Amino acid sequence: MRRLLGLLLLTVPAMAVQGVLLCFRGSGKVRFARLYWALVCWVLGMRVRVIGAPASRVAGRPVLFVSNHSSWLDIPVLGGVLPACFVSKSEVGRWPLIGTVARLGRTVFISRRAGPMAREIEAMRGVVSRGDNLILFPEGTTSDGSRVMSFRASFFALAAGEAPPIVQPVSVVYDRLAFLPANRATRPLFAWYGDMDIASHYWRLARYRGLRASVLLHQPVDPREQPNRKALSREVWRIVADGAATLRQNRPAVPIGLAQQRPGGPAPAEQRAAPA
């Protein structure tokens, strides 16, 4: 209950501050959003370990941070690390309080249906064209955290053109629970997927202390080095999946680059099927 009260005491004034910052140009709104999400993690008792560094813009080209997605916790964890806006499913925009917070963070809402996707890609292009970085979850949904599902190549339509955004693969794994290494039995406690409601998931996780998320920021990828967006989605998926597998196995992890993905070499241990 104290954590929930702390979140409310943090969020209500933060909404007012961010609402004012959105009226002005500059990076103040981006820095404040990162501070807010970092404080949310602190209130939740979530320590965040970062391996690697966020990519920087190259010749004014913004960055697409492409990550796996297993929980609503990914939002505060990545939001506190990356200077970027989120892309989220349209349902989130209708949630009480959370939807308002997401809008103040300049979240781009997309539908799971195929029809409106082209229009929503254009909305995301608008965000990128004004120089903002984006955080993408191209799995299109959350999972139980035991593997990284196939990436939807349609998300990578953003990484097109003569000067496309830089793409940085990101692996996120929740690897500590009650100060102990998470395993197959305990890691699903972090996952939020299917028909789970966020309230019951929060209360179940709130019983524990000593939580940790590991964020592995891989080497940036230039989309122009890939023949098409499907090839780009496959390469980025392999990097994200390989990094996530390493983190889940509690092995030492380092950022992965394309040079380490040998053509014809072994695929990540968790691979089930090639991305569509």
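Based on what the data block shows, is Trp237 within 27 Å of Val63 (Cβ to Cβ), assigned to a helix (DSSP H, G or I), touching a residue at least 40 places away in the same chain (Cβ under 8 Å) and touching a Ser or Thr at 6+ places or on another chain (Cβ under 9 Å)? Step through it out loud before you land on a result.
On the way: within 27 Å of Val63 (Cβ to Cβ): yes; assigned to a helix (DSSP H, G or I): yes; touching a residue at least 40 places away in the same chain (Cβ under 8 Å): yes; touching a Ser or Thr at 6+ places or on another chain (Cβ under 9 Å): yes.
In short, yes.
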Q | Number of the exception - Ser200 against (1) under 14 Å from Ser71 (Cβ atoms); (2) surrounded by 15 or more Cβ atoms within 10 Å (Cβ to Cβ) | A | (2)
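Here's the yes/no breakdown for (1) more than 11 Å from the chain's Cα centre (by Cα); (2) modelled with pLDDT of 80 or more:
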position	(1), (2)
Gly60	yes, yes
Phe65	no, yes
Ser70	no, yes
Pro76	no, yes
Leu82	no, yes
Cys85	no, yes
Arg94	yes, no
Leu104	yes, no
(Q) Among the residues that make up the range 127-149, is at least one of them of a type in the set (Gly, Ala, Ser) and assigned to a helix (DSSP H, G or I)? (A) yes
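When you go through Glu91, Glu162 one by one, which is the residue that is without any contact (Cβ under 8 Å) to a residue 12 or more places away in the chain and part of a loop (DSSP other than H, G, I, E, B)?
Glu162 is the lone residue from the list that is without any contact (Cβ under 8 Å) to a residue 12 or more places away in the chain and part of a loop (DSSP other than H, G, I, E, B).
Which of the residues that make up the range 43-88 are assigned to a helix (DSSP H, G or I), among the hydrophobic types (A, V, I, L, M, F, W, C) and more than 17 Å from Ala191 (Cα to Cα)? I'd like the intermediate steps shown before the answer.
First, the residues of the range 43-88 that are assigned to a helix (DSSP H, G or I): 43-44, 74-79.
From what is left, the residues that are among the hydrophobic types (A, V, I, L, M, F, W, C) are 43-44, 75, 77-78.
Hit for the range 43-88 is Val43, nothing else.
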(Q) Quick check on Pro268: is it part of a helix (DSSP H, G or I), at pLDDT below 90 and either out of contact with any Cys (no Cβ under 9 Å at 6 or more places or on another chain) or surrounded by fewer than 15 Cβ atoms within 10 Å (Cβ to Cβ) (or both)? (A) no
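Looking for something touching a strand residue (DSSP E or B) at 6+ places or on another chain (Cβ under 8 Å), basic (Lys, Arg) and at pLDDT below 90 - is there at least one such residue anywhere in the range 48-55? Spell out how you get there, then give the answer.
Initial filter on the range 48-55 (touching a strand residue (DSSP E or B) at 6+ places or on another chain (Cβ under 8 Å)): 48-55.
Remaining after also requiring basic (Lys, Arg): 49.
Now drop any that are not at pLDDT below 90, which leaves none.
There is no residue in the range 48-55 that is touching a strand residue (DSSP E or B) at 6+ places or on another chain (Cβ under 8 Å), basic (Lys, Arg) and at pLDDT below 90.
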(Q) Of all residues being of a type in the set (A, V, I, L, M, F, W, C) and surrounded by 10 or more Cβ atoms within 10 Å (Cβ to Cβ) in the range 113-132, which is modelled with the lowest pLDDT? Just the residue, please. (A) Met117
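Looking at this structure, is Thr11 surrounded by fewer than 17 Cβ atoms within 10 Å (Cβ to Cβ) and either within 22 Å of Met196 (Cβ to Cβ) or touching a residue at least 24 places away in the same chain (Cβ under 8 Å) (or both)? Break it down into steps so the answer makes sense when it comes.
Numbers: surrounded by fewer than 17 Cβ atoms within 10 Å (Cβ to Cβ): no; either within 22 Å of Met196 (Cβ to Cβ) or touching a residue at least 24 places away in the same chain (Cβ under 8 Å) (or both): yes.
The answer is no for Thr11.
The values are calculated or read from the model by the stated rules, or taken from the named source; none is laboratory data. This is a predicted model, so every value here is computed, not measured. Here the Cβ is made from the backbone with ideal geometry for all residues, glycine too, and neighbour counts use every protein chain on show.
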